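Structure first, commentary second.
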Amino acid sequence: MMTPRTNRPKPHSFLNLPVVTDWQTIDADAVIFGAPFGKPYDPADFPNDQSLAPSALRAASDRILLHGQSVDTDFRPPRCFGDLRIVDGGDIALVHGNVTQHYNDIEAAVRFAAMHDIIPVTIGGDDGVTNPVIRGTDAFGDIILIQIDAHLDWRDERFGEPDGFSSPMRRASELPHIKAIHQIGIRSVGSAEQAEWAYAENWGAHIHLARDIHLHGMAPVIDSLPKGGKFFVTLDVDGLDPSVMPGTVALSPGGLSWWHVVTLFEGLVEKGTIAGLNLVELSPKNDVNKLSLIGAGRLIMKLLMLQLQSPR
């Protein structure tokens, strides 16, 4: 008679990393934490399933990484995520439904990590949480903002809300520590109108269209980045093609491939330093066989291994 196989315990943290909720005691090179709630538009029209993404990623950890010493064979020689000093910092709580305070706490968390030489990795939430995340990056000093996204995100406001998911690049452009914005994977239609396109161009945003990247690869994008830059990556998962990342809301054909994004990460490390990552717009209910959760989790792993294990 065969002995029944016992079920493995479900991960209680992202990739079974140590959980540290008292941030004053963090002794690590990076902290991954949830920032689940963006400032909402009408919930009847814009349901916020993205707020479940941090918990869904934790629950999918055994699909993302078999165990800490599994090697990533995309690297030569293979690298091991388990060799890194990284903690799960929990989620920024939404207290009494106060999203403004939630934003303030997200901003403070990113700033705390930056001030203590810890790479912050935030998991949204919709793209509205990008606004406080980028405000908190002022502790890094001058930043080159790298946006991976299908959409322009330069609306000054939408439905009367200036701090929602249609406005992160507009809000970033107002911050003195944001010295350049590179928008990568832009395509198709979203909320932007001609006025937003003109505003972005007049400000000096570098807009890298998805179509051009498919035609010419990621090399021209990487070549346009300054040597020695400090880069902060905000990754809206709809920047990737729906065939790679179906678990999002604003699906748009013609997006970036997996290798486009990995190549970009490699180029950022060759050009300078990746200061942190903000991942947003992951919608678990729209996922297919956890493909998007696996992809998002492994992109987080890739970025951290590249930044923390590449020779300086």
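The values are calculated or read from the model by the stated rules, or taken from the named source; none is laboratory data. In this text the structure is predicted, and so the values were computed from the model without any measurement. In this analysis, Cβ positions are derived from the backbone assuming ideal geometry, glycine residues included, and neighbour counts consider all displayed protein chains.
Can you find a residue that is more than 30 Å from residue 48 (Cα to Cα) and assigned to a loop (DSSP other than H, G, I, E, B) anywhere in region 194-216?
Within region 194-216, one or more residues are more than 30 Å from residue 48 (Cα to Cα) and assigned to a loop (DSSP other than H, G, I, E, B).
For the structure I just gave you, tell me whether residue 102 is out of contact with any Gly (no Cβ under 8 Å at 6 or more places or on another chain), within 14 Å of residue 51 (Cα to Cα), of a type outside the set (S, T, N, Q) and touching a residue at least 60 places away in the same chain (Cβ under 8 Å).
Criteria met by residue 102.
Can you tell me which residue is modelled with the highest pLDDT among those in region 78-128 that are in contact with a strand residue (DSSP E or B) (Cβ under 9 Å, 6 or more places away or on another chain) and of a type in the set (Phe, Trp, Tyr)?
112
Please find, among 220, 226, the residue that is exposed (fewer than 14 other Cβ atoms within 10 Å of the Cβ) and either of a type in the set (Asp, Glu) or without any contact (Cβ under 8 Å) to a residue 24 or more places away in the chain (or both).
220
Hey, could you check region 13-32 for residues that are surrounded by 12 or more Cβ atoms within 10 Å (Cβ to Cβ), out of contact with any helix residue (DSSP H, G or I) (no Cβ under 7 Å at 6 or more places or on another chain) and part of a loop (DSSP other than H, G, I, E, B) and say which is modelled with the lowest pLDDT?
Applying the filter and picking the extreme gives 21.
Taking the condition of being within 17 Å of residue 39 (Cβ to Cβ) and surrounded by 22 or more Cβ atoms within 10 Å (Cβ to Cβ), how many residues in region 89-106 meet it?
Residues in region 89-106 being within 17 Å of residue 39 (Cβ to Cβ) and surrounded by 22 or more Cβ atoms within 10 Å (Cβ to Cβ): 4 in total.
Which condition number in (1) under 14 Å from residue 39 (Cβ atoms); (2) out of contact with any Asp or Glu (no Cβ under 7 Å at 6 or more places or on another chain); (3) assigned to a helix (DSSP H, G or I) is the one that residue 128 fails?
(2)
In region 272-300, how many residues are closer than 16 Å to residue 54 by Cβ and aliphatic (A, V, I, L, M)?
Looking only at that region, the number is 9.
Can you give me the number of residues within region 68-82 that are in a loop (DSSP other than H, G, I, E, B) and in contact (Cβ under 8 Å) with a residue 24 or more places away in the chain?
So the answer is 3.
Only one of these is assigned to a loop (DSSP other than H, G, I, E, B), touching a Ser or Thr at 6+ places or on another chain (Cβ under 9 Å) and more than 24 Å from residue 39 (Cα to Cα): 247, 297, 254. Name it.
254
I'd like the residue in region 149-192 that is of a type in the set (Gly, Ala, Ser) and in a helix (DSSP H, G or I) and, out of all such residues, is surrounded by the most Cβ atoms within 10 Å (Cβ to Cβ).
Top of the filtered list is 172.
Here are 40, 54, 36: which of them is assigned to a loop (DSSP other than H, G, I, E, B), within 29 Å of residue 159 (Cα to Cα) and in contact with a Pro (Cβ under 7 Å, 6 or more places away or on another chain)?
When all the criteria are applied, what remains is 36.
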